[in-house]
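I have placed the structure first, in the form of structure tokens, so that the comments after it can refer back to it.
The values are calculated or read from the model by the stated rules, or taken from the named source; none is laboratory data. The structure presented is a predicted model; accordingly, all values stated were derived computationally and were not measured. Quick reminder, even Gly has a Cβ in these numbers, built from the backbone with ideal geometry, and neighbours come from all protein chains shown.
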Amino acid sequence: MFSFDNYLFALLVVLVPVFVYYSYFYKKEYTNENSLLFGILCCISIILSMTYPLELSIGHIYDLRTIPWLLAFLYGGLNMGILATACVFIYRLIIGIDFGLFITLFAYSTSAITVLMYLKKYRNFNLKDKLRTSFILTFINTLLVLAGLSHPYRNLEFINLPMFLTYFIVSHLVTIVIMIFIIETLREAEQSKVKLQQAERIKVIGELAASVAHEVRNPLTVVKGFIHIFKNESNLTTSQISSLELMDSELQRAEKIIHNYLSLAKTNTTDLEKLDVIDLAKNVIGVTESYALLKGVTIINQFQGSYYVTANRSELSQVFLNIIKNGIESIDGKGTLTLSASKTKGYAQIDITDTGKGMSEEEIQRLGTPFYTTKDQGTGLGTMFCYKTIGHLQGEIKVKSKLNEGSTISILLPLCKD
């Protein structure tokens, strides 16, 4: 009656569709595009679970449909959660209109309200918090189902009620812990793979930069020198002067690109010092204020207190300069750029919020990859330098953005341990 083999089969029914998705279809940069596929696989898992249930006693069965239903919400999003809920209700209706249908409607409708309370926060949780949250949500659902089963008008005669309650609750809780652990492990493996690929690309770019940058700089310096000589000639026409100025500006841009390549080629990890990241960020604000005013952007400084981190001063200044400059350039016309700081679990968090054009989810996922930029005249090397530098400092860059609403770039750096 209470067979471990039966539970393993039920676990396999739930596990296989999710495992297939995260092993073969899940890609970090295309998560939203594949969420429908994940929702469909969860629905398949729900149907299989309800088709091949576990028999606890003669005439009394149950299944693990709660697990894929909950995963559809937590990892597929609200729309996929609604799809999974509809799948549960419709398939249960097909099975038959009886008291079990009303238990399903009651338990999953009520559980859905509870899940919605955690939905937005869940994505930013660490593994421990995700396990705790999913454990609580599953426990609530099982209690609601049991409440329906214990209804006074429900005539159930279980051979061993205590064993049934134990088996019913424990099997759900063990299964959700297993599923969350497997999903997070597979997600982490995919993200590590992406990071490794990016590191390899940056390494290739660095080697290329080291080998050719100086060779390219020499002829550029010669050409730039002759341009300045020609610009001082007195017999030049307006058209010629304009052409020489254009050539000069393009040479400066080429030199800047070469400088960015050299920055990627080598990250200074020897000149690290304890510094106040707030004071450093304020200095960068002072440098960029005139540029912001020229663009019609107002910089709002909300910094308070001091946060000490270990970093290379010049490189961290360049990171702030790049991100602040990108924020200013993302704003068309008048707007604001707001900077604030806070302490988050042993990290100093610097938030840079602009009222610019914003970014799509796909653009956010591609930030920091080689040669990707959202600017017409950009190369993407500056943003890649920021990600690499913060990564070397054991920090993290987080991005929140909505199209036509602006973006928030959060820089997290480990605080010094006094």
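Would it be correct to say that I350 is within 19 Å of the chain's Cα centre (by Cα), crowded, with 22+ Cβ neighbours inside 10 Å and among the aliphatic types (A, V, I, L, M)?
So I350 fits the description; yes.
Residue by residue, here is whether (1) polar (S, T, N, Q); (2) not in a loop (DSSP other than H, G, I, E, B) holds:
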position: D332; (1), (2): no, no
position: S340; (1), (2): yes, yes
position: K343; (1), (2): no, yes
position: I352; (1), (2): no, yes
position: E363; (1), (2): no, yes
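Show the residue pairs meeting these rules: Cβ distance below 8 Å; 6+ apart or different chains; first residue within the range 6-24 and assigned by TED's automatic domain parsing to the domain that holds L64; second residue surrounded by fewer than 19 Cβ atoms within 10 Å (Cβ to Cβ) and of a type in the set (F, W, Y).
Going by the 8 Å Cβ cut-off, the qualifying pairs are F9/Y52; A10/Y52; V13/Y52.
Specify which of the listed residues (G96, G81) is among the small types (G, A, S) and crowded, with 20+ Cβ neighbours inside 10 Å.
The unique qualifying residue is G81.
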